[in-house]
1. Here's a check for you: in region 79-98, which residue that is outside any loop (DSSP other than H, G, I, E, B) and of a type in the set (A, V, I, L, M, F, W, C) is farthest from residue 123 (Cα to Cα)?
2. If you scan region 13-38, which residues turn out to be among the small types (Gly, Ala, Ser), in a loop (DSSP other than H, G, I, E, B) and in contact (Cβ under 8 Å) with a residue 24 or more places away in the chain?
3. State whether the residues of region 96-103 include one that is at positive phi and either surrounded by fewer than 23 Cβ atoms within 10 Å (Cβ to Cβ) or out of contact with any Phe, Trp or Tyr (no Cβ under 6 Å at 6 or more places or on another chain) (or both).
4. For region 31-47, which residues satisfy the criterion of being of a type outside the set (D, E, K, R) and over 16 Å from residue 116 (Cβ atoms)?
5. Give the residue that is nearest to residue 65 (Cα to Cα), with candidates limited to residues of region 1-20 that are surrounded by fewer than 18 Cβ atoms within 10 Å (Cβ to Cβ) and at pLDDT 95 or above.
6. Among the residues of region 111-120, is any closer than 27 Å to residue 25 by Cβ and at pLDDT below 90?
7. From the list 104, 127, 140, pick out the single residue that is modelled with pLDDT of 95 or more and more than 16 Å from residue 78 (Cβ to Cβ).
8. Report whether or not residue 100 is in contact with a His (Cβ under 6 Å, 6 or more places away or on another chain) and under 12 Å from residue 38 (Cα atoms).
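The values are calculated or read from the model by the stated rules, or taken from the named source; none is laboratory data. In this text, all values refer to a predicted model and were calculated from it rather than measured experimentally. So basically every Cβ, Gly included, is an ideal-geometry build from the backbone, and we count neighbours across all protein chains shown.
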Amino acid sequence: MRESKQKCEDRFELTRERINPPALAEQVRTAGDGAIVTFDGCVRNHSHGRRTLYLEYEAYETMAVEKMREIGAQAHEKFAIDRVAMVHRLGRLEIGESSVFIAVSAAHRGAAFEACRWAIDALKRAVPIWKKEFFEDGAVWADGELPPPPPAPAAGAAPPAKAAS
């Protein structure tokens, strides 16, 4: 296991053990926080129309942890957050297991949501971790997947209504 800590109780780790989401969410909690937002990326049973059997993750470990620390530092600069935990699994993962978990704490939910979403997107873009997907008929190395951008409002459409707090 390679681990690195920076601000207060931030945590950046690669592990071959199961990720413990409740423990990580609790680790980022402080008395001044009004929100903890988490992202739990888990192994699904399909990919591109094929049944997935399991995944394997590999990484350039020292660089991966360093990049994760950089993402954490940038998150602190960009968003009004308190703590960040970012853990990624390596090795063989079965269907349903957590492959990556991110927890962000902040005084207010908006900053926590934005920072968590930004952090997973940054991790997928910049951290040297590779995923191999295994199917009944073979295996492939997968490219990082970023979610599609939100749809643009139609011309002349009213802006979306603000949700009640």
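1. 93
2. 32, 34
3. yes
4. 31, 32, 43, 45, 46, 47
5. Filtering region 1-20 for residues that are surrounded by fewer than 18 Cβ atoms within 10 Å (Cβ to Cβ) and at pLDDT 95 or above, the one nearest to residue 65 (Cα to Cα) comes out as 15.
6. no
7. Criteria check complete, one pass: 127.
8. Details: in contact with a His (Cβ under 6 Å, 6 or more places away or on another chain): yes; under 12 Å from residue 38 (Cα atoms): yes.
The answer is yes for residue 100.
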